[in-house]
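First up is the structure itself, then whatever we jot down about it.
The values are calculated or read from the model by the stated rules, or taken from the named source; none is laboratory data. Not measured: the values here are computed from a predicted model. Ideal geometry is used to build each Cβ from the backbone, glycine not excepted, and the neighbour counts take in all protein chains shown.
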């Protein structure tokens, strides 16, 4: 019958550990640490060293994944010698995920792609390490070297648009933690040792902008999304796509000016732009823009 069977008119264990009537599932016991998976949804516009990843996948080379920690900041104010505590903001702390450094270099390729996206990467030509004269007029702008952070388009701001940690409690139940717009703040590689046979690992800290928590199967069901090959994060507000008419109009205007062409504001006064102006911009600014958008 098992430990969760009914053994008389009153089963104290079943009562305290919440056996659901008819389902024989313990819901009051703690979750197990080993029942988890990590899904990643990358920006669809970034380039990867290994394109076999795709842009939405379950990463199976994970040793452990930390759950988010939160700081609830308060400010102490003095109300006539009585201390009051005023909440100000909630801050999400970095989340640590430990990856195996496997022989197929899956995380190694992902790390190189991240470094190539934001910085000079890890495969620079040897000529970049020659001394660059600081008197060169292009030195300060990076014209004679490739070091430093790159300038990115708005639609490429976040390499990791979403990381999802899924805790599978039962076949139907569990919890899903969504980390949005994640940036890597630190990567610690392992130490090699002739006397140690443990696997080599990467310890990585991700800083998300925000965290949402859903029951398994509720809003933002990334496991089904990953299985179907979807490449869209549940929130893509940071991305300027083909429907972002404001960004498209500005880019077209800048291209005309750079190429020395005559800039005609009426060319970009589409109905979408007019509707945006009338609904989102104050009337004082609308009067100024009416000179161009008719």
- Message: Quick check on segment 15-22. Is at least one of its residues at pLDDT below 90, part of a strand (DSSP E or B) and not assigned by TED's automatic domain parsing to the domain that holds residue 158?
- Response: yes
- Scanning segment 171-203 residue by residue, the ones that are assigned to a strand (DSSP E or B) and farther than 30 Å from residue 26 by Cβ total 13
- Message: List the residue pairs whose Cβ atoms are under 6 Å apart, where the first residue sits in segment 30-42 and is closer than 20 Å to residue 184 by Cβ, the second is at pLDDT below 95 and in a loop (DSSP other than H, G, I, E, B), and the two are 6 or more positions apart or on different chains.
- Response: 41/233; 42/55
- Does segment 161-183 hold any residues that are over 11 Å from residue 35 (Cβ atoms) and touching a helix residue (DSSP H, G or I) at 6+ places or on another chain (Cβ under 8 Å), and which are they? 162, 164, 176, 178
- Task: Output the residue which, of all residues in segment 147-159 that are surrounded by 13 or more Cβ atoms within 10 Å (Cβ to Cβ) and touching a helix residue (DSSP H, G or I) at 6+ places or on another chain (Cβ under 8 Å), is nearest to residue 30 (Cα to Cα).
- Result: 159
- Task: Considering every residue within segment 61-71, establish whether at least one is in contact (Cβ under 8 Å) with a residue 60 or more places away in the chain, farther than 27 Å from residue 213 by Cβ and surrounded by 10 or more Cβ atoms within 10 Å (Cβ to Cβ).
- Result: no
- Message: Checking the condition surrounded by 10 or more Cβ atoms within 10 Å (Cβ to Cβ) and part of a helix (DSSP H, G or I), which residue from 111, 124 passes?
- Response: 111
